[in-house]
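J.: Just dropping this structure here.
What follows draws every value from the coordinates through simple rules; no lab data is involved. Everything numeric here is computed off the predicted structure, so don't read it as measured data. Neighbour counts are summed over all protein chains in view; Cβ atoms, including those assigned to glycine, are modelled from backbone coordinates with ideal geometry.
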Amino acid sequence: MAALDVFALSVLALGLGALGLSVVYEGTRITAMSGRTALVRRRIQAKADELKDLNARIEDVKSRTDLQQATLDRLIAERGRLTGLIRSLKAAKVEMIHELGEPDGPALLFECDLRTAPDFNRIDQRRMVFAREIWDRRNIAHVWADTPDQAMAAVQRAFNLRSGLLPGRLQRSAPAAETAAETTAELGA
């Protein structure tokens, strides 16, 4: 029986050794797995922090972009406004202002656009008031008179159809001193 006891003890020792090795192997595997899990958690946390930073940068860029877009829209609107003003200034460019009458007493200032007649280019140069070239641009007449009828009569006497000119609509105008004061007030505002 001694051989059987040695064999049983050997099998038992081998079983205990295998069990010990199995426990050590599983312990090492669990330790390695928890190390990998911790590493993955750190990577996930780093990626989460990186994502948070990227989202913050995206929001910052988006807010700056919105601000720049608003500025761009404002500048485009301003450019459109200025372009319109320049266009209207060029269209309203006056070549000559013709003064009629005297600014004395109760006389009022009237303004009248002067246009050329349809057959203006066929009119003899001697019948024209001033040179033909000045009539390519806008010409206006400032008329000092007591009433609109008197102002229109003065314009029609000075610029008649025989000279190839047609008076436009007559309108009441502010005296130059008032206009200058209004312009100064507008520029100061």
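J.: If you build a Gaussian network model of the chain, linking Cα atoms that sit under 10 Å apart, which residue out of Arg126, Arg43, Arg138 swings the most?
T.: In the Gaussian network model the winner is Arg43.
J.: Using the Cβ atoms and a cut-off under 11 Å, what net charge is assigned to the surroundings of Arg57, where Lys and Arg are +1 and Asp and Glu are -1? Present the calculation step by step, with values, prior to reporting the outcome.
T.: Working: positive: Lys52, Lys62, Arg64; negative: Glu50, Asp53, Glu59, Asp60.
Every neighbour counted, the sum reads -1.
J.: Have a look at Gly80, Gly17, Gly168 and tell me which one the Gaussian network model of the chain (Cα, springs below 10 Å) gives the largest fluctuation.
T.: Fluctuation is largest for Gly17.
J.: Write down the percent of antiparallel bridges among all DSSP beta bridges whose residues are both part of the chain, to the nearest 5.
T.: Details: 13 of 19 bridges.
The antiparallel fraction comes to roughly 70 percent.
J.: List the residues whose amide H sits under 5 Å from the amide H of Ala117, counting only those 5 or more places along or on another chain, with H placed 1.01 Å from N in the peptide plane.
T.: Leu165, Leu166
J.: Among Ala158, Ala38, Ala13, which one moves the most in a GNM of the chain with springs linking Cα atoms closer than 10 Å?
T.: Ala13
J.: When each pair of different Cα atoms in the chain is counted once in the 1/r mean, what is the Kirkwood radius in angstroms, to one decimal? Walk me through the numbers on the way to the answer.
T.: On the way: mean 1/r = 0.0380 Å⁻¹.
One over the average 1/r among Cα pairs gives 26.3 Å for the chain.
J.: Nearest 500 deg cm²/dmol is fine: what mean residue ellipticity at 222 nm does the chain get from its DSSP H runs of n ≥ 4 alone, each adding -39,500 (n - 2.57), divided by its residue count?
T.: Working: 3 runs with 114 residues, N = 189.
-22000 deg cm²/dmol, from helical runs alone.
J.: Ok, one more. Enumerate the amide H contacts of His98 below 5 Å, restricted to partners 5 or more residues apart or on another chain; note that Pro and chain-start residues carry no placed amide H.
T.: Those qualifying (amide H under 5 Å, at least 5 residues apart or on another chain) are Ile140, Ala141, His142.
J.: Could you go through region 72-79 in sequence order and give the Karplus-derived ³J(HN,Hα) for each residue, using 6.51 cos²θ - 1.76 cosθ + 1.60 with θ = phi - 60°, rounded to whole Hz, and x for Gly and Pro?
T.: 4, 4, 5, 5, 5, 5, 5, 4
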